[in-house]
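The values are calculated or read from the model by the stated rules, or taken from the named source; none is laboratory data. Quantities reported herein were computed from a predicted structural model and do not represent experimental measurements. Methodologically, a virtual Cβ is constructed for each residue, glycine included, from the backbone with ideal geometry; neighbour enumeration extends over all protein chains shown. Ligands, DNA and RNA are stripped out before the accessible areas are found, and what is left, the full protein with its side chains, is counted by its heavy atoms. Shrake-Rupley method; radii C 1.70, N 1.55, O 1.52, S 1.80 Å.
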Amino acid sequence: MDLRKTVRVAAALVVAGFGFAGVAEAQVLSNIANVNLNASAAQTLTVAVTSGSTVNFTLAQGAAAAGDVSSAISTTWNLNPGLTGAVTLFGYFNTPSSALTDGVYDIASTYVKGRMTTGSVASYTAFTQTNAVGPANGSLLLFTEAITGANKIKTRSDNLDLQVDLTASPTVPASTYTGVLRIQARAL
Amino acid sequence: MDGMRRFVRWMGTLGLAPGVLAAFLLAAPARGLTLSGVSNVTLQATKTSSLTVAIGSGTSMNFTLLQGAIANGSTAAQITSSWNVNPGKTGTVRLYAYFDTPSAALAGATQNIASTYVEGRVTTGVPTTYTPITQTTPVGPAGGSLLLFSETITGGNKNKTRVDNLDLRINLTSSPPLAAGTYTGTLRIVVRAL
């Protein structure tokens with residue numbers, strides 16, 4: 001008896017199933033139209049001095065004066081390895097002959113030295129290089145990093161230590177000297 | 001009266017009576033007409049339901065991507081949907097957009113943009129505000145489509161053409177860093193009547 005009941009229920013379910021299938025068959029689909037999407041993400045390269053944007057020196061004739069703080073430099077990029085070989089960071093003075101000045105007397109970039117222990121200059125080196133960035137004899141290459149698929153998107157932080165080295169300079173008049181060191185990254 | 005009888009007798013003399021009899025004999029076959037039964041030819045004509053979709057303009061859309069920001073499409077896609085359906089068999093007509101592969105809605109050289117970051121809206125349709133193309137609908141793969149409009153079919157709109165604009169944007173405000181480069185993809189548009 002139970003078996004008959006089960007069979008009846010099963011039959012009813014099958015019939016119901018056909019009924020639902022009949023509804024599904026009424027579906028009509030159109031053709032497919034396409035919208036083509038083209039998106040481009042441009043390469044980016046930014047640099048920021050996150051701390052130590054002002055560095056003070058207490059000058060002493062015949063000695064090297066270290067800056068009171070390091071400059072923390074954050075360099076961020078999103079580059080295409082197929083188009084970019086390396087990212088290079090530079091520091092430079094607009095006018096190397098007067099890296100710092102009091103308006104009367106100038107301290108040349110010859111006496112301003114930098115060091116980036118996580119970069120290309122492990123020891124203090126004068127800003128007298130001629131590079132792709134900045135004027136001749138007024139810059140210093142701070143780091144170079146080759147771009148691959150692994151680091152095509154990256155942010156790195158480096159500390160730049162500065163000093164004004166008057167060990168071999170002519171006598172510098174007592175005064176207050178100011179200057180601006182430019183920091184710029186380049187991808188090529 | 002006697003004159004008439006004489007005339008008939010005279011006509012019979014001329015032999016006209018046999019001619020009249022012959023004429024009656026010739027007329028006899030017409031009275032024997034036989035017609036067959038009637039056979040019918042039943043005429044049946046069927047007009048199937050039709051449903052088409054076309055992109056009138058905006059078949060190619062450009063985006064200038066910016067990390068952490070929203071990039072709007074350079075133009076809207078103008079979608080024309082036409083149908084001729086039987087209201088007794090069709091309840092609604094719905095328009096959908098979908099990507100074949102939601103995880104790679106737009107593909108780049110080394111990285112893809114998922115449909116999570118591609119948003120659409122149809123101000124004359126269902127999603128009037130930008131909505132990710134991540135719905136699961138009867139059309140397209142799971143998690144990769146978006147319902148654009150739904151119209152109930154009645155006698156009044158069983159045969160209709162409507163035009164809707166689909167606005168698209170790529171929203172990278174919460175996306176992981178996207179590699180610089182060019183990304184391309186195809187958004188499918190299809191209409192379904194049920």
Can you pull out the residues in region B:34-65 that are within 7 Å of chain A (Cβ to nearest Cβ), outside any loop (DSSP other than H, G, I, E, B), among the hydroxyl-bearing types (S, T, Y) and out of contact with any Phe, Trp or Tyr (no Cβ under 8 Å at 6 or more places or on another chain)? B:S60, B:T64
For region B:89-108, give me each residue that is open to solvent by 20 Å² or more (accessible area, probe 1.4 Å), in contact with a Phe, Trp or Tyr (Cβ under 9 Å, 6 or more places away or on another chain) and assigned to a loop (DSSP other than H, G, I, E, B). B:G108
Screening A:T125, A:T155, A:T95, A:T117 for residues that are open to solvent by 20 Å² or more (accessible area, probe 1.4 Å) and touching a Gly at 6+ places or on another chain (Cβ under 7 Å) leaves only A:T125
Among the residues of region B:135-148, write down those that are open to solvent by less than 60 Å² (accessible area, probe 1.4 Å), without any contact (Cβ under 8 Å) to a residue 60 or more places away in the chain and either under 18 Å from B:A107 (Cβ atoms) or within 13 Å of chain A (Cβ to nearest Cβ) (or both). B:T137, B:V139, B:G140, B:P141, B:G143, B:G144, B:S145, B:L146
Would you confirm whether any residue within region A:99-109 is among the small types (G, A, S), under 25 Å from the mean Cα position of the chain (by Cα), away from every other protein chain (no Cβ under 14 Å) and open to solvent by 20 Å² or more (accessible area, probe 1.4 Å)? no
Note on A:G149: of the conditions (1) at pLDDT 95 or above; (2) out of contact with any strand residue (DSSP E or B) (no Cβ under 8 Å at 6 or more places or on another chain), unmet is (1)
Region B:151-170, residues that are open to solvent by 20 Å² or more (accessible area, probe 1.4 Å) and in a strand (DSSP E or B): B:E151, B:T152, B:N159, B:K160, B:T161, B:R162, B:V163, B:N165, B:D167, B:R169
Name the pairs: first residue in region A:131-152 and in contact (Cβ under 8 Å) with a residue 60 or more places away in the chain, second residue of a type in the set (G, A, S) and not in a loop (DSSP other than H, G, I, E, B), Cβ to Cβ under 8 Å, at least 6 apart or on different chains? A:L142/A:G91; A:L142/A:G114; A:A146/A:A86; A:I147/A:A86; A:I147/A:A187
